[in-house]
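Engineer: There's a structure below that I have some questions on.
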Amino acid sequence: MTSQTLREARKYEEASEKMITEKERPAFHLSARTGWMNDPNGFSYYGGKYHMFYQYHPYDCQWGPMHWGHAVSDDLLHWEYLPAALAPDESYDRDGCFSGSALTLPDGRHLLMYTGVQKQGRGNGASEAQNQCLAVGDGTDYEKYEKNPVITGADLPEGCSVSNFRDPKIWRKEDGSYCCVVGNCDRDGSGQVLLFTSRDGFAWNYKSVLAANDGRFGKMWECPDFFALDGRWALLVSPQDMLPSGFEYHNGNGTLCLLGAFDEEKGVFKAEHDQSIDYGIDFYASQTVLAPDGRRIMVGWMQNWDTCDFRTQKLSWFGQLSLPRELSVENGRLYQRPVRELERMRRNKRAYTDVAFSGELTLEGIKGRMADIEISVAPEDGEDIYRKFAVRFAQNDRFRTSFSFHPQDSMLKIDRKFSGSRRAIIHQRRSLANSADGKLKLRMILDRFSAEIFINDGEQVMTAIIYTEQDADGISFLAEGNVRMDIVKYDLV
Ligand code: FRU
């Protein structure tokens with residue numbers, strides 16, 4: 001039965017979506033149907049399609065009472081909106097249906113698990129309960145479970161926060177039983193991930209603290225995801241309140257990938273490697289799906305809480321998801337590559353090989369805001385060894401965004417300072433690259449309002465949103481010293 005609150009949201013979104021033209025949106029990244037979007041939720045393959053839900057406030061371009069928006073796709077790139085799936089319409093979720101996940105039940109129904117938020121009291125005595133809830137549906141309409149909430153603060157051991165207890169990620173094991181990981185923090189406000197198990201997906205038992213932060217990576221850990229990948233286990237989380245550490249982690253909301261071993265009996269994960277998931281400016285709250293062909297595919301919110309004031313256009317949507325990325329573990333690290341489906345969108349190939357230059361360069365046919373560009377750069381023989389290589393894009397007389405590499409200190413930089421922002425917020429980010437002899441490989445994916453730069457075949461990714469006017473579509477290259485470059489560029493249509 002659809003509630004009045006959900007019916008209103010569905011009516012509203014259907015009418016207001018029509019006010020947004022195709023060109024006012026990204027071409028192949030999912031954006032809010034109308035109003036506000038944050039985290040991807042319930043990323044799953046159900047009924048022959050990929051389903052994506054998202055944190056959604058349809059009525060405004062600001063965060064508000066959370067609904068779940070919904071879209072489906074055959075290829076992870078072309079999305080069709082479906083009616084909003086969840087609204088905050090029950091006592092246990094009246095202050096928001098927060099992030100969660102989805103899976104297919106053996107009887108063919110689609111199960112959603114999300115965090116129901118309920119505020120209690122006012123003023124100094126105010127508190128918030130975050131509990132895990134279920135909804136079951138057919139891929140369009142979802143019914144909240146009559147025994148909600150199914151995991152509450154009462155299920156938690158001493159010392160676990162009951163007000164920072166959110167973002168369940170569920171999966172079904174090969175033996176047919178279920179697990180879920182939920183973000184939490186301890187008495188000191190330090191993040192941890194809790195593991196729960198269930199025989200049927202409906203009745204849940206606390207199992208263990210899967211992993212504890214112990215004050216290392218920020219504070220509260222949001223949006224956990226946990227899965228086996230290439231013989232290892234990967235725990236992805238989005239920590240709040242990070243302190244910087246070298247060029248690996250930066251201040252504020254960050255992303256963290258831990259790779260290690262999982263003792264299933266004890267329910268304990270032991271991390272052996274840590275890294276950022278994305279080294280750019282705008283990426284948070286990642287979630288993965290296991291595709292029918294075995295690929296582990298990840299998306300994130302292509303945004304950061306700390307940079308939400310970066311808006312230059314008056315659009316009636318806010319928030320987009322990253323490109324879905326295929327994950328692997330290589331050389332002990334997490335690698336990410338754009339989903340291979342993107343190659344089907346490639347048109348108008350332009351290729352140049354062995355372009356030796358120094359100074360500024362533009363190349364005939366190399367421009368555009370919806371493009372897939374592969375670049376290899378290497379030092380050119382000669383006296384003037386290069387000290388900097390840069391690609392400038394979304395460029396016109398006034399604006400540009402740039403990506404640069406300084407081989408001497410192996411430093412990468414994304415800089416969207418000149419992309420039209422009038423806000424004093426972060427517009428640049430640096431990261432260390434793994435580059436031998438000044439060589440670097442890049443794959444840049446541009447889509448109207450964003451750039452995602454995959455470095456050295458996916459060893460690192462730097463993501464940033466840009467709102468530069470669309471006719472700023474120039475691309476140029478800059479070298480201080482002599483470089484040699486190969487480039488292949490496709491339009492994405
Ligand atoms: C992460 C997050 C989640 C929460 C949701 C609320 O971006 O804070 O922890 O469920 O957003 O919208």
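The values are calculated or read from the model by the stated rules, or taken from the named source; none is laboratory data. Everything numeric here is computed off the predicted structure, so don't read it as measured data. Quick reminder, even Gly has a Cβ in these numbers, built from the backbone with ideal geometry, and neighbours come from all protein chains shown. Surface accessibility is based on the protein's heavy atoms, side chains included, excluding ligands, DNA and RNA. Shrake-Rupley method; radii C 1.70, N 1.55, O 1.52, S 1.80 Å.
Engineer: Of the listed peptides 241-251, 47-57, what is their order by residue-averaged count of other C-beta atoms within 10 Å, with the highest listed first?
Structural biologist: Taking the mean over residues of other Cβ atoms within 10 Å, the ranking is 47-57, 241-251.
Engineer: Roughly how tilted is helix 4-17, in degrees to the nearest 10 and between 0 and 90, from the longest Cα axis of the chain?
Structural biologist: 20
Engineer: Can you tell me which lysines have their Cα less than 19 Å from the Cα of residue 23? Leave out same-chain residues fewer than eight positions away.
Structural biologist: In chain and number order, the partners are 314, 367.
Engineer: So between residue 376 and residue 423, what do we pick up on full extension, going 0.36 nm a residue minus the alpha carbon distance?
Structural biologist: So the extension gain works out to 13.5 nm.
Engineer: Then there is this: Can you figure out the FRET efficiency of residue 171 with residue 16, using R₀ = 22 Å and their beta-carbon distance, to the nearest 0.05?
Structural biologist: Here the calculated transfer efficiency is 0.05.
Engineer: When the Cα centres of region 195-271 and region 421-493 are compared, how far apart do they sit, in Å?
Structural biologist: If we compute the Cα centre of each part, the gap is 30 Å.
Engineer: Another question about this same structure. How far is it, in nm, from the label point at residue 75 to the one at residue 358 when both lie 7 Å from their Cα along the line to the Cβ?
Structural biologist: 4.4
Engineer: Taking a probe of 1.4 Å, how large is the accessible area per residue of the chain, in Å²?
Structural biologist: Spelled out: the 1.4 Å probe surface of the chain, per residue, equals 41 Å².
Engineer: Then there is this: Label points 7 Å out from Cα along the Cβ direction at residue 94 and residue 1: separation in nm?
Structural biologist: Simple spin-label model gives 1.8 nm for this pair.
Engineer: Going toward the positive end of the dipole of the chain, with +1 on Lys and Arg Cβ and -1 on Asp and Glu Cβ, which of 312, 30, 490 do you reach last?
Structural biologist: 312
Engineer: Which lysines does residue 413 reach when only Cα atoms under 16 Å apart count, and residues fewer than 8 places away in its own chain are ignored?
Structural biologist: Within reach: 388, 439, 441.
Engineer: Within 11 Å, Cβ to Cβ, of residue 408, how many net charges do the neighbouring residues add up to if Lys/Arg are +1 and Asp/Glu are -1?
Structural biologist: Overall, the nearby charge balance is 0.
Engineer: Another question, then. Kindly write out, for region 194-205 in residue order, the coupling ³J(HN,Hα) from the Karplus curve 6.51 cos²θ - 1.76 cosθ + 1.60 (θ = phi - 60°), rounded to whole Hz, with x marking Gly and Pro.
Structural biologist: 9, 10, 10, 10, 7, 7, 10, x, 10, 9, 10, 10
Engineer: Where does the charge balance sit around residue 393 when Lys and Arg score +1, Asp and Glu -1, over other residues with C-beta under 15 Å from its C-beta?
Structural biologist: My count for the surroundings of residue 393 gives +1.
Engineer: For residue 156, enumerate residues with amide H under 5 Å from its amide H, sequence gap 5+ or separate chain, H modeled in the peptide plane.
Structural biologist: none
Engineer: Does the chain come out rounded, prolate or oblate by the C-alpha gyration tensor, with a ≥ b ≥ c the root eigenvalues, rounded set by a/c under 1.5 and, if not, prolate when a/b is larger than b/c and oblate if not?
Structural biologist: prolate
Engineer: Once amide H atoms are built 1.01 Å from N in the peptide plane, which residues 5 or more positions from residue 282, or in another chain, come under 5 Å H to H?
Structural biologist: Residues meeting the amide H criterion: 463, 464, 465.
Engineer: Calculate, in nm to one decimal, what residue 147 and residue 203 gain on full extension: separation in residues at 0.36 nm each, minus their alpha carbon distance.
Structural biologist: 19.2 nm
Engineer: Also: Could you give me the ³J(HN,Hα) list for region 432-443, computed from phi with Karplus coefficients 6.51, -1.76, 1.60 and θ = phi - 60°, whole Hz, x at Gly and Pro?
Structural biologist: Those phi angles translate into 8, 9, 9, 10, 9, 6, x, 8, 8, 10, 10, 10 Hz.
Engineer: So, counting K/R as plus one and D/E as minus one, what does the shell of residues with Cβ under 14 Å around residue 332 add up to?
Structural biologist: After counting each charged neighbour, the total is -3.
Engineer: Based on DSSP H runs of at least 4 residues, each adding -39500 (n - 2.57), what is the mean residue ellipticity at 222 nm of the chain after dividing by all its residues, to the nearest 500 deg cm²/dmol?
Structural biologist: Taking each H run of at least 4 residues, the total per residue is -1000 deg cm²/dmol.
Engineer: To continue, here is another question. For residue 275, enumerate residues with amide H under 5 Å from its amide H, sequence gap 5+ or separate chain, H modeled in the peptide plane.
Structural biologist: 257
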